[in-house]
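The values are calculated or read from the model by the stated rules, or taken from the named source; none is laboratory data. Nothing here was measured: the structure is a model prediction, and the numbers come from that model. Positions of Cβ are backbone-derived with ideal geometry, glycine not excepted, and every protein chain shown enters the neighbour counts. SASA here: full protein model, heavy atoms, side chains in, ligands and nucleic acids out. Shrake-Rupley method; radii C 1.70, N 1.55, O 1.52, S 1.80 Å.
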Amino acid sequence: MTAPVAHCPALFLTAPASNQGKTTITAALARYFTHQGKVVRVFKTGPDYLDPQILAQASKQPVEQLDIWMAGDDYCQDKLYQAAQVADLILVEGAMGMFDGEPSSADLAARFGIPMAIVMDVKGMAQTAAALATGLANFRDDVKVAGLIANRCGSERHAELIRDALPASLPLLATLKRDEEISLPERHLGLVQAEEVKDELEIRFEAAVEWLKETRDDGLLSLPAPVAFYPAKLREASNQDVASALKGKTIAVARDAAFSFIYDANLIALKNMGAKVVFFSPLTDQALPEADALWLPGGYPELHAKALSDNTAMRAAIHTFYETGKGILAECGGMLYSLDDLTDLNDASYPMVGILHGQGAMRGKRGCQGMQTAVIPQGDIRGHAHHRSRSANTPEPVGYGRRQRHPAPGEAIYQQKGLTASYLHLFFPSNLDATAKLFLACHKAN
């Protein structure tokens, strides 16, 4: 029997560039409609760990990534379809500019028929904002634009100039006044982690709801029209072999202020393969939980380098676990923690776990980012790199990342005993079989 089509109001928040206020407005809308008793499911496009934490707190619902390249078309379709069956509203926050990236936010919106609202910081312009929005709205025929949200609008006269310059086909959905108290706090790799500023975020969310209510609203605070979402024909990657690949295995995941770059989709993937997931803190715990494998995800170890180094009991426990040959996946910050030592932003160096030879060091504002595929013996796994550190004196890599659009080798990938370490953040659902093999330590010791 064919599954029924699911209809749900949906809106895709996009912008001409980064730093226009997308996350602030998406969070404000999520909290506003939550106050109305609506179930709001929010998705974030592209690889991002920090925005989803904030959007999850704002909506009081889980937030997952949608990325056609990283996750696949069917995966994205299935996530939207499942959300449409339980939600009163679906919000999708785009990444970068509307047409940036391959695939772009516009590609995703067009593929699933979700109308886009253009968020634009209009400070310092009026009719030009209308011209830019009109150009974006008409750049492609397959993208439907619901209207413009004028952020940081100075006055009603300012709003009137923009509104009068827009064509009838492109309404001004809302004009939001300048209010620095609404903006979300930032850090060197983006927004801070929601857990660190939970109470402050609650204050800002509630202030943002009032901020929305004060706007000249021409439709933003009404539910958008329903969109039809269709069931996906998922590949047989979820066959019985993969579905039980980690059955009976316990995977211990590092999660605290130093390690929190964890896709919910990755945790779901591990559980769907039969694994039990338990968490531990390299910052405060003295021992590892009983486990068959470890996952040391990314995060901000450089901000907690002294505390991580001082916890010698945990460092010794991970070293002992490594010597058993059991599976360990160390990603980006987790890889830095695995090295012999780490130099923080203040040029202070601290001993780390030492299961992968080499030194890590922060390098200020310069960094590396981009979509890559981890090319390893277990199989290709898609993911991304985003770091502002470097490593040196590391062993010979077993493979490299394959960049999405550039022929040069990507991030080095190391494997020894049961350890797999790299700067790459992997998206497990892109290859469940290869992911299971990493945690099962299905590779030869070097």
Going residue by residue through the stretch 38-55, the Karplus relation 6.51 cos²θ - 1.76 cosθ + 1.60 with θ = phi - 60° gives ³J(HN,Hα) values, rounded to whole Hz and with x marking Gly or Pro, of 8, 8, 10, 9, 10, 10, 10, 7, x, x, 7, 9, 8, 4, x, 4, 5, 5
Share of accessible surface on carbon and sulfur in the stretch 36-184, whole %, 1.4 Å probe and ligands ignored, is 49
The long-range amide H neighbours of Gly46, using H built 1.01 Å from N in the peptide plane and a cut-off of under 5 Å, are Leu66, Asp67
Phi angles of the stretch 405-421, converted by Karplus (6.51 cos²θ - 1.76 cosθ + 1.60, θ = phi - 60°) into ³J(HN,Hα) in whole Hz with x for Gly and Pro, give 9, 9, x, 5, x, x, 5, 5, 10, 10, 9, 8, 6, x, 8, 10, 9
Taking a probe of 1.4 Å and leaving out DNA, RNA and ligands, the chain shows per residue an accessible area in Å² of 42
Sparse-neighbourhood loop hits (trypsin sites (Lys or Arg not before Pro), the stretch 393-436; DSSP loop; Cβ within 10 Å at most 13 others) -> Arg405
Note on the stretch 17-92: contact order normalised by length, alpha-carbon pairs under 8 Å, 6 or more apart, percent, works out to 36
Rounded to the nearest 5, the percent of antiparallel DSSP beta bridges in the chain equals 45
Taking Cα atoms only, helix 312-323 is inclined relative to the longest principal axis of the chain by an angle, in degrees rounded to 10, of 70
Rounded to whole angstroms and listed largest first, the alpha-carbon spread of the chain along its three principal axes comes to 69, 58, 44
Under a Gaussian network model of the chain whose springs join Cα atoms within less than 10 Å, the largest fluctuation of Arg363, Arg382, Arg255 belongs to Arg363
Any aspartates and glutamates whose Cα falls less than 19 Å from that of Lys437, other than same-chain ones fewer than 8 residues away, would be Glu236, Asp241, Asp292, Glu323, Glu331, Asp380
The relative contact order of the stretch 1-144, taking Cα pairs under 8 Å that sit 6 or more residues apart, comes to a percentage of 35
Expected max-MSF residue from Ala207, Ala27, Ala58 in the GNM of the chain (alpha carbon, under 10 Å) is Ala207
Partner lysines whose C-alpha sits under 28 Å from that of Lys22, ignoring same-chain residues fewer than 8 away, are Lys38, Lys44, Lys60, Lys79, Lys123, Lys144, Lys177, Lys198, Lys213, Lys365
Bridge orientation stat for the stretch 280-437 from DSSP, antiparallel percent rounded to 5, came to 70
The Cα extents of the stretch 310-369 along the principal axes, largest first and rounded to whole Å, are 38, 26, 15
Applied in sequence order to the stretch 295-307, the curve 6.51 cos²θ - 1.76 cosθ + 1.60 (Karplus, θ = phi - 60°) yields integer Hz couplings, x standing for Gly and Pro, of 10, 9, x, x, x, 10, x, 5, 7, 10, 4, 5, 5
The answer for Ser389, listing residues at least 5 apart or on another chain whose modeled amide H is closer than 5 Å to its amide H, is Arg363, Cys368
Carbon plus sulfur, as percent of the 1.4 Å-probe accessible area of the stretch 323-427, comes to 46
Residues whose modelled amide H sits under 5 Å from the amide H of Gly299, counting only those 5 or more places away in sequence or on another chain, are Ser260, Phe261, Gly333, Gly334
